[in-house]
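The values are calculated or read from the model by the stated rules, or taken from the named source; none is laboratory data. What you see is a predicted model; the values in this text were computed from it and never measured. Note: ideal-geometry Cβ built from the backbone for every residue, glycine included; neighbour counts use all protein chains shown. The area values use the complete protein model at the heavy-atom level, side chains included, leaving out ligands, DNA and RNA. Shrake-Rupley method; radii C 1.70, N 1.55, O 1.52, S 1.80 Å.
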Amino acid sequence: MLRFNKTAVLALLIATSSVFLLFQLYHYRQHVSQNGPHMFGRTVHLSGKDTQWQVVKKFMGLVHKYNMPVFLVDTASLGLLSQDSMLLRDSQVKEPHCTFLCTNRDVLTFALLNNLWKYDAGLVAAAEEKGFELLEVRGKDPRLVSMDDLSGNEIPLHFLFRLQGYVVHVVVLYERSGNYLWHGVLRLKPNMDRKFAPFRRLDYGRNAGAYDRPELVLTTLDGQDVRIPRNISGFLTEYSQARFLECRYRDARSFFQLYPDDTSPEAMNFRMKAKALLHLAARILTELRVPFWLSSGTCLGWFRQCGIIPYSKDVDLGIWIKDYRHDISQAFQKAGLPLKHKFGKVEDSLELSFQGLDVKLDIFFFYEETDVVWNGGTQAKSGKKFKYVFPKFTLCWTELMDLKVRVPCETVDYVSANYGPTWNTPVKTWDWKSSPPNVQDNGVWPVREWDEVIQVY
């Protein structure tokens, strides 16, 4: 009888303890979901992913409260979303979890569409109420900078929200006149905390960037309503090639102080026609998905004077030979630009020229070698070949005449190779066969090939 009583008492104690523990666990979960990882005045140490998830939830609360038009641009998160195996694995997990917004990094990045958002000063106070520290980085608005006014107003470029060792980076995207989105460099002012965030590991801000406007879709990630680019792989490709170079207005103004701009009716008329031709060529090549860049005199005009050189009389573009398509000539002629001449062949020194309205369009195809790149030239009457050698370069975006276009990132090296160290001095008399310092004789086309490699219309 005594043994039975001990067993009953022990069972009752175990049952009571279990109920009490379950009650504590329920109360704890309810408390954390409402107030974060604090209980009875003491901090409870959650795992890193749980902590980051709490930070993300609090940030998304701010997004919804202030109607911030943000979309996910974090490269690690988008990379996970582009993996079908990861999407399948995530769909099979039933309990609440954080997969895509809680990566192994301590930074999560969103972009904010400035044209859809009005800055609200209350955001700072609201962020602080949620425990965030906020760093706002401003810079000059390039849309208001010109050769006549170099001051420019300061605008918000980046917001960094920090909480419990995690940072949410918001990159502000602005519309530019070339119908594209732009973000500025993240450049800290002298009085700013350089340890506020892992700045060297941020996806965005090391350089300015330019993007086409992405189509966005609303989806649910880790229990949060989040907008993402519909074409994730396309956006990530853009990200890898997004670096943007601003026109050097200060240097251009100095140039025009030495060499006053030509504002004659003839020069103005040429600029207008060159702009139309450049926009048309860009549309054709973009539709063909053929990347191109400003080359020769057109590149020099952008770099030196933020415009078109009025006495150049043509528009020059460069294309990698690997991007050549056999339907390029047909596309230009269909758009009303007849072929003026075709020199060379795909394997060697290809060059196409189309006739616009009193303005010629020259397209030079570039060939890569081990240490250099080059484009070719051909003299029609003699069959002589020429080679213009450049140091290797990468491509950046810029804006010229209300158009988003590419230029060599290493622009000084590029124009110096083509025009020498005195490229900043106008030269109106120019012989394409002998004036460029990077020109080399490259032999003569065999007479039997002339019908193929020398076509003049």
Margin query: Quick check for you: with a 1.4 Å probe and neighbouring chains kept, what is the accessible area per residue of segment 282-406, in Å²?
Written below: 38
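Please state the relative contact order of segment 185-331 as a whole percent: Cα pairs under 8 Å, 6+ residues apart?
Once normalised by length, the contact order is 19 percent.
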Notebook entry, point to check: Alpha carbon centre of segment 174-253 versus segment 412-452: separation in Å?
Noted result: 37
Notebook entry, point to check: With labels modelled as points extended 7 Å from the Cα through the Cβ direction, what inter-label distance (nm, one decimal) is found for S177 paired with E215?
Noted result: 3.0
Margin query: As a quick test, which of the pairs K273/K381; K340/K404; K273/K313; K345/K385 have an alpha carbon distance above 20 angstrom in this structure?
Written below: K273/K381; K340/K404
Item checked: Difference of contour (0.36 nm per residue) and Cα-Cα distance, N67 to E452 -> 132.4 nm
Notebook entry, point to check: In whole Å, what are the Cα extents of segment 142-183 along the three principal axes, biggest one first?
Noted result: 46, 23, 8
Notebook entry, point to check: Say R0 is 30 Å: what FRET efficiency, to the nearest 0.05, do E287 and A76 get from their beta-carbon distance?
Noted result: 0.35
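Of all accessible surface on the chain at a 1.4 Å probe, what whole percent is carbon and sulfur? Intermediate results must be reported in sequence, preceding the final value.
Details: 12830 of 24120 Å².
On the chain, the fraction of accessible area on carbon and sulfur atoms equals 53 percent.
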Check: Considering only protein heavy atoms, what is the solvent-accessible area of E238 at a probe of 1.4 Å, reported in Å² to the nearest 10?
Finding: 50
Next item on the list: Give, as ranges by residue number, the residues of segment 161-191 whose backbone N falls under 20 Å from the point 7 Å along Cα→Cβ of E246.
Entry: 170-191
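Please give the contour-minus-distance gain from H326 to A380: 0.36 nm per residue of separation, less the Cα-Cα distance, rounded to one decimal in nm.
Working: separation 54, 0.36 × 54 = 19.44 nm, distance 2.22 nm.
Gain on stretching H326 to A380: 17.2 nm.
Given a cut-off of under 8 Å on Cα pairs at least six residues apart, what relative contact order in percent is computed for segment 344-450? List each step's numbers first, then the result.
Values: 159 pairs, mean separation 23.8, N = 107.
Answer for segment 344-450 is 22 percent.
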Next item on the list: Name every cysteine in the chain that ends up alone, with no second cysteine's Cβ under 4.7 Å, or say none.
Entry: C299
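As a test of reading the structure, rank L395, L300 by solvent-accessible area (1.4 Å probe, protein chains only), most first. List each step's numbers first, then the result.
Working: L395 45, L300 10 Å².
The most accessible residue leads, giving L395, L300.
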Next item on the list: Pull out a ≥ b ≥ c, the square roots of the eigenvalues of the alpha-carbon gyration tensor of segment 234-276, then state rounded if a/c is under 1.5, prolate if not and a/b is larger than b/c, and oblate in the remaining case.
Entry: oblate
Margin query: As a test of the formula, what do you get for the chain when each DSSP H run with n ≥ 4 contributes -39,500 (n - 2.57) and the sum is divided by the residue count, at 222 nm and rounded to the nearest 500 deg cm²/dmol?
Written below: -10000 deg cm²/dmol
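Between S233 and D413, what length comes free when the chain is fully extended (0.36 nm per residue of separation minus the Cα-Cα distance, one decimal in nm)? Present the calculation step by step, with values, prior to reporting the outcome.
On the way: separation 180, 0.36 × 180 = 64.80 nm, distance 3.22 nm.
Full extension of this stretch gives 61.6 nm more.
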Item checked: Percentage relative contact order, the chain, counting C-alpha pairs under 8 Å, at least six apart -> 10
